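Read the figures in this text as sums done on the coordinates, not as results from a lab. Just so it is clear, the structure is predicted and the values come from calculations on it, not from any experiment. Cβ: placed from backbone, ideal geometry, glycine included. Neighbour counts: every protein chain shown.
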Amino acid sequence: MGKRGWGAAGRVIVFGTLKRIGTLRVLPIPERNHEYVITLVKTNTKPRSLYFTDDW
């Protein structure tokens with residue numbers, strides 16, 4: 001098995017959303033800073049949505 005965690009070489013960080021009807025959207029993201037991730041959440045989800053995260 002290769003290196004694990006955020007320093008894992010050659011791996012792509014992704015952001016994903018899953019709708020109740022089963023539609024999955026996964027987007028590669030170039031950086032993992034707070035502002036960028038929050039912008040993705042706000043532009044790809046509706047207000048009052050239910051969120052499950054990895055607690056990042």
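Things to note:
- Inter-site label distance for residue 14 and residue 45 at 7 Å from Cα along Cβ, in nm: 1.8 nm
- Amide H contacts under 5 Å for residue 29, placed H, 5+ residues apart: 13, 14, 15
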